[in-house]
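Read through the structure below, which is laid out as structure tokens, and then see the notes.
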Amino acid sequence: MTTPAQRSTLMAGYRMLDLSDEKGMLCGKIFADMGVEVIKVERPGGDPARNLPPFHQDDPDPEKSLFWFAYNAGKKSVTLDLATADGRAVFQDLVKVSDFVLESFPIGYLENLGLGYEALSRLNSRIIVTSLTPFGDTGPGRDQQADDLVLWASGGMMAIMGERDRPPVRMNLLQSYFHAGAEAAVGTMAAHYPRELTGEGQQVVVNMQACIVWTLMNEQAYPILHGNSVQRNGVFVGSTGMRQRTVFPCKDGQITLLLAGGPLAFSLRAFFKWMDEKSMCPQWMAEKDWSMWGPATFMNAKGDEVQKEIDAIEAAVTAFFLTMTKAEIYAEALKRRILLAPVSTVADIMASEQLAARNFFVPLSHEDLGTTISYPGPFAKLSETPLAVTGRAPHIGEHNREVYRALLGYSQEKLLALRIVGAI
Amino acid sequence: MDRRYAFEGIKVADFAWVGVGPITSKYLADHGATVIRIESHTRPDVLRLAPPWREGQPGLDRSQFFASFNTSKYGVTLDLSKPAAQELAKKIIAWADVAVESFTPKAMRNWNLDYEQLRVVNPQLIMLSTCQQGQTGPHALYPGFGQLMASLAGYYHISGWPDRDPAPPYGAYTDFIAPRFAATVLMAALDYRRRTGTGQFIDLAQYEASLHFLAPAILDYQVNGRVLGREGNRSFRSAPHGTYRCQGEDRWLALSVSNDAQWQGLLATFGNPSWGADPRFATQASRLEHHTELDRLVEAWTVTQEAEAAAETLQRAGVPASLVQNCLDLHQDPKLEAWGMFQYLEHKEMGPSPYEGHQFHLSKTPGELRWAAPVMGQHNEYVFKEILGLSQEEITKLTEEKVLY
């Protein structure tokens with residue numbers, strides 16, 4: 001555990017109630033890193049997201065989900081059953097002393113319990129309620145369901161991921177939820193800033209499908225401006241009709257290489273010079289002027305001249321990379337300023353000398369598991385108010401006493417009664 | 001609320017280029033901040049040189065790639081290699097609350113515009129520097145783009161099929177991760193300054209921010225020694241779960257069944273086929289075990305279906321499902337239309353062009369795409385005359401001297 005002096009003060013003094021499941025947990029984590037007191041409000045028995053793999057030593061126990069650990073570090077936990085009137089009354093008391101509510105229930109769930117934004121804002125006009133929704137809060141998607149797969153599909157990324165001879169495919173690890181969770185943090189801060197000037201909170205609705213659409217970069221305008229569309233094509237790119245490899249095999253894995261001239265010609269020249277020093281660069285590649293070689297000239301190229309160049313480069317580069325390992329290639333690319341990167345595994349990332357030099361990973365003690373685990377550290381380095389990853393994720397209801405007795409001032413008798421009726 | 005926009009009154013000097021920096025400042029611009037985007041003909045933003053372009057014809061002022069990330073901003077040109085331009089940049093800094101830049105770390109130093117020099121001009125300045133791997137460390141000066149960072153940060157390795165090469169996400173994946181963190185922390189720094197009067201420097205490495213999307217795998221590797229790889233469309237909790245071929249050319253349906261209710265919904269949609277009673281499919285755990293056989297049976301039905309209609313029917317039966325939408329589908333999706341996902345803005349050279357709407361909506365101070373991205377130097381006169389108070393003669397002279405260039 002870090003000392004209080006190391007704690008971030010960027011957002012000290014603010015409190016968030018995090019009711020979200022795996023779709024929104026990263027938002028709460030970001031706020032915890034910024035110094036907000038984030039209280040995870042779990043149903044009795046624990047948040048169902050505690051059942052997400054992987055688990056510590058592969059033991060599927062709700063207190064051992066590494067997925068849950070990763071996105072709840074630094075938060076507190078209370079248990080509360082919103083399905084009971086007692087539980088709802090406790091929640092209302094919490095809202096009165098909080099600044100933010102984060103939730104990812106089906107649309108209408110909280111309203112039906114009398115805990116929608118309008119009701120909560122009557123208890124605390126400053127409250128900001130951030131809701132994660134699959135397809136927004138209006139329109140035909142309002143009542144539709146989506147998980148990670150359906151979000152990638154409806155958001156347009158899957159159609160352009162994968163190979164021509166296979167179905168569209170997704171990334172591992174529920175990435176869509178992280179996009180939505182991190183975007184929820186932006187929206188919540190965008191509501192917070194004016195709230196501090198006017199004293200008035202508001203509602204923030206995150207559209208998870210829209211979060212995926214935004215990751216499509218420049219794709220959306222192609223049909224309208226160029227009259228064509230990006231196609232799913234594995235490791236090949238070709239927005240201008242060319243077929244150009246981006247990922248190449250090497251001795252022990254793969255390398256991603258940007259092959260483009262124009263403003264990036266410095267990299268091509270440095271790369272081909274390196275190949276030439278190893279006597280592996282065809283003469284025409286060493287001699288060609290690459291300064292105009294890029295999408296703009298590809299568009300107007302005649303016949304298959306450019307494609308032939310691309311194919312010849314691919315063959316020479318592949319032969320060159322196969323003589324070396326990922327680490328050897330990357331080390332040399334760093335020296336020569338060549339635009340390439342290894343296809344890293346998590347093992348490669350943990351061995352990064354750059355991340356080590358910046359003390360990126362932060363060890364957190366899990367005393368109950370008898371171990372210390374390194375977590376991704378602060379997502380930014382601030383000169384005045386450092387962010388801090390302050391401690392492991394909480395156990396189920398670990399802070400019930402602290403929150404209900406010390407914060408809300410409930411008596412020991414009231415706490416006991418709430419427990420007996422199953423509200424907490 | 002008596003404010004129209006969340007960040008009205010906030011002033012931003014935007015030296016950034018390409019993806020992460022401009023996307024970060026766009027959040028502020030679309031929510032009311034006055035954002036001055038500083039560019040130069042001597043080193044145009046590489047996105048201005050990248051497609052798609054209006055009518056497919058290249059040109060610095062014709063790229064929608066650039067335009068999408070630079071709505072609601074004022075555009076000026078300054079050749080920062082010239083001392084006179086550096087002085088003007090410092091005047092903008094003196095005016096600004098926030099500076100954003102996204103070059104490799106030495107660039108701003110070379111122009112005498114690094115934080116140590118700028119804080120002298122404006123002690124309360126908040127400056128966000130974002131580059132690939134951070135301002136310090138042995139790899140700090142390494143140039144790169146989001147495609148490479150997506151590879152370096154582990155995302156290529158976990159995309160695609162286990163028996164094939166990676167099937168990377170399209171584009172510069174991490175360029176759409178880092179700005180979410182950058183904008184959040186920038187807004188928090190603004191609020192901290194409002195409370196305390198203290199500005200600060202923010203060093204955001206795209207690498208480090210992006211690794212937060214990989215955190216469970218980082219823990220799994222340490223604790224269990226597992227190196228996360230590609231798993232195709234397999235899920236640890238849902239079966240059937242995948243994309244299934246439908247009628248038509250390259251048309252696919254994504255669907256996902258995670259519990260018994262969804263399973264019953266799927267069977268009802270399929271017309272209660274006899275295999276629905278197969279004991280191998282009776283429970284969710286058993287369906288997970290037999291997912292390969294389920295995939296075959298599901299696809300035997302989907303190939304007879306039109307994907308969009310099948311998705312609608314499944315959704316009505318409570319099953320998460322969607323057409324695997326291609327780009328044209330997105331523009332015709334009624335859900336996205338109701339949300340306002342695509343909006344046409346009038347661009348000075350491109351005319352009406354399609355821009356993306358926002359990913360979150362604020363109920364009382366909604367942001368909006370206030371205007372299209374600027375062409376090169378579009379607001380030179382407005383910014384240097386109205387905001388910085390230069391005379392027309394000075395502006396003409398600086399333009400002739402290619403300081404404003």
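The values are calculated or read from the model by the stated rules, or taken from the named source; none is laboratory data. Remember, it's a predicted structure, so these values are computed and weren't measured experimentally. For neighbour counting, all protein chains shown are included, and Cβ atoms are generated from backbone atoms with ideal geometry for every residue, glycine included.
Taking the criterion of being closer than 30 Å to B:Thr130 by Cα and either among the aliphatic types (A, V, I, L, M) or more than 24 Å from the chain's Cα centre (by Cα) (or both), the residues of segment A:362-382 that qualify are A:Val362, A:Leu364, A:Ile373, A:Ala380, A:Leu382.
In the condition set (1) part of a loop (DSSP other than H, G, I, E, B); (2) within 24 Å of the chain's Cα centre (by Cα); (3) at pLDDT 95 or above, B:Ala99 is compliant with all but (1).
Please verify whether segment B:180-191 includes one or more residues that are more than 22 Å from the chain's Cα centre (by Cα) and either under 22 Å from B:Val227 (Cβ atoms) or surrounded by fewer than 22 Cβ atoms within 10 Å (Cβ to Cβ) (or both).
From segment B:180-191, those more than 22 Å from the chain's Cα centre (by Cα) are B:191; that's our starting set.
Filter again for either under 22 Å from B:Val227 (Cβ atoms) or surrounded by fewer than 22 Cβ atoms within 10 Å (Cβ to Cβ) (or both), leaving B:191.
Yes, segment B:180-191 has at least one match.
Against the conditions (1) among the aliphatic types (A, V, I, L, M); (2) within 28 Å of the chain's Cα centre (by Cα); (3) at the interface with another protein chain (Cβ under 7 Å from one of its Cβ atoms), where does B:Val223 fall short? Just the number, please. (2) is the only condition that B:Val223 fails.
Residue by residue, here is whether (1) buried (at least 19 other Cβ atoms within 10 Å of the Cβ); (2) within 12 Å of chain B (Cβ to nearest Cβ); (3) within 19 Å of A:Ser77 (Cα to Cα) holds:
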residue: A:Ile338; (1), (2), (3): yes, yes, no
residue: A:Met350; (1), (2), (3): no, yes, no
residue: A:Ala357; (1), (2), (3): no, yes, no
residue: A:His366; (1), (2), (3): no, yes, yes
residue: A:Ser383; (1), (2), (3): no, yes, no
residue: A:Leu415; (1), (2), (3): no, no, yes
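Please indicate, with yes or no, whether at least one residue in segment A:378-386 is out of contact with any Phe, Trp or Tyr (no Cβ under 9 Å at 6 or more places or on another chain) and modelled with pLDDT of 95 or more. Yes: one or more hits.
Out of A:Ala341, A:Ala312, A:Ala316, report the one residue that is part of a strand (DSSP E or B), of a type outside the set (Lys, Arg), in the same structural domain as A:Phe248 (by TED's automatic domain parsing) and touching a residue at least 24 places away in the same chain (Cβ under 8 Å). Break it down into steps so the answer makes sense when it comes.
Values: A:Ala312 fails: part of a strand (DSSP E or B); A:Ala316 fails: part of a strand (DSSP E or B).
It is A:Ala341.
Among the residues of segment A:138-164, those that are buried (at least 24 other Cβ atoms within 10 Å of the Cβ), assigned to a helix (DSSP H, G or I) and within 7 Å of another protein chain (Cβ to nearest Cβ) comprise A:Leu149, A:Val150, A:Ala153, A:Ser154, A:Met158, A:Ala159. A:Glu183 meets all of the listed conditions (1) at the interface with chain B (Cβ under 7 Å from one of its Cβ atoms); (2) part of a helix (DSSP H, G or I); (3) surrounded by fewer than 24 Cβ atoms within 10 Å (Cβ to Cβ); (4) charged (D, E, K, R) but one, namely (3).
Hey, any hits in segment B:84-95 for a residue that's assigned to a loop (DSSP other than H, G, I, E, B), in contact with a strand residue (DSSP E or B) (Cβ under 7 Å, 6 or more places away or on another chain) and either surrounded by fewer than 24 Cβ atoms within 10 Å (Cβ to Cβ) or of a type outside the set (D, E, K, R) (or both)? Walk me through how you get there before you give the answer.
Start the filter on segment B:84-95 by keeping residues that are assigned to a loop (DSSP other than H, G, I, E, B), which leaves none.
No.
Taking segment A:206-237 as the range and being part of a loop (DSSP other than H, G, I, E, B) and touching a strand residue (DSSP E or B) at 6+ places or on another chain (Cβ under 6 Å) as the test, the residues that pass are A:Ala221, A:Val235.
On inspection, A:Val206 fails the criterion of being at pLDDT 90 or above, farther than 18 Å from B:Gln325 by Cα, surrounded by fewer than 22 Cβ atoms within 10 Å (Cβ to Cβ) and at the interface with chain B (Cβ under 7 Å from one of its Cβ atoms).
Residue-by-condition table, conditions (1) in the same structural domain as A:Leu340 (by TED's automatic domain parsing); (2) assigned to a helix (DSSP H, G or I); (3) in contact (Cβ under 8 Å) with a residue 60 or more places away in the chain; (4) within 38 Å of the chain's Cα centre (by Cα):
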| position | (1), (2), (3), (4) |
| --- | --- |
| A:Thr256 | yes, no, yes, yes |
| A:Leu259 | yes, no, no, yes |
| A:Pro263 | yes, yes, no, yes |
| A:Phe266 | yes, yes, yes, yes |
| A:Asp276 | yes, yes, no, no |
| A:Met292 | yes, no, no, yes |
| A:Phe298 | yes, yes, no, yes |
| A:Met324 | yes, no, yes, yes |
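Apart from one condition, A:Ala12 fits all of (1) within 14 Å of chain B (Cβ to nearest Cβ); (2) at pLDDT 95 or above; the exception is (2).
The single condition among (1) within 21 Å of the chain's Cα centre (by Cα); (2) at pLDDT below 95; (3) more than 30 Å from A:Gln57 (Cα to Cα) that A:Gln307 does not satisfy is (1). Residues of segment A:165-180 that are among the charged types (D, E, K, R) and at the interface with chain B (Cβ under 7 Å from one of its Cβ atoms): A:Arg166, A:Arg170.
Scanning segment B:18-35 for residues that are in contact with a strand residue (DSSP E or B) (Cβ under 8 Å, 6 or more places away or on another chain) and surrounded by fewer than 23 Cβ atoms within 10 Å (Cβ to Cβ) yields one hit, B:Thr34. Checking each residue in segment B:36-69 for being within 25 Å of B:Trp111 (Cβ to Cβ), surrounded by fewer than 20 Cβ atoms within 10 Å (Cβ to Cβ) and out of contact with any strand residue (DSSP E or B) (no Cβ under 7 Å at 6 or more places or on another chain) picks out B:Thr42, B:Arg43, B:Pro44, B:Val46, B:Leu60.
Do we find a residue being over 26 Å from B:His347 (Cα atoms), touching a residue at least 24 places away in the same chain (Cβ under 8 Å), within 13 Å of another protein chain (Cβ to nearest Cβ) and of a type outside the set (Gly, Ala, Ser) anywhere in segment B:90-97? Checked segment B:90-97: at least one residue is over 26 Å from B:His347 (Cα atoms), touching a residue at least 24 places away in the same chain (Cβ under 8 Å), within 13 Å of another protein chain (Cβ to nearest Cβ) and of a type outside the set (Gly, Ala, Ser).
The helices (runs of 4 or more DSSP H) falling completely within segment B:305-405 that include 3 or more residues that are more than 30 Å from A:Gly187 (Cβ to Cβ) map to B:307-316, B:392-400.
Restricting attention to segment B:133-152, which residues are in a loop (DSSP other than H, G, I, E, B), facing another protein chain (nearest Cβ under 7 Å) and touching a residue at least 40 places away in the same chain (Cβ under 8 Å)? Give the derivation first.
Start the filter on segment B:133-152 by keeping residues that are in a loop (DSSP other than H, G, I, E, B), which leaves B:133-145.
Still in the running and facing another protein chain (nearest Cβ under 7 Å): B:133-134, B:136-139, B:142-145.
Across segment B:133-152, the qualifying residues are B:Gln133, B:Gly134, B:Thr136, B:Phe145.
Of everything in segment B:211-240 that is buried (at least 18 other Cβ atoms within 10 Å of the Cβ), touching a helix residue (DSSP H, G or I) at 6+ places or on another chain (Cβ under 6 Å) and not hydrophobic (A, V, I, L, M, F, W, C), the residue that is nearest to A:Met158 (Cα to Cα) is B:Pro240.
A:Gly199 meets all of the listed conditions (1) assigned by TED's automatic domain parsing to the domain that holds A:Leu132; (2) touching a helix residue (DSSP H, G or I) at 6+ places or on another chain (Cβ under 8 Å); (3) small (Gly, Ala, Ser) but one, namely (2).
Residue by residue, here is whether (1) of a type in the set (Gly, Ala, Ser); (2) in contact with a Gly (Cβ under 8 Å, 6 or more places away or on another chain); (3) over 30 Å from B:Pro58 (Cβ atoms) holds:
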residue	(1), (2), (3)
A:Tyr193	no, no, yes
A:Ala210	yes, yes, no
A:Val213	no, yes, no
A:Tyr222	no, no, no
A:Gly227	yes, yes, no
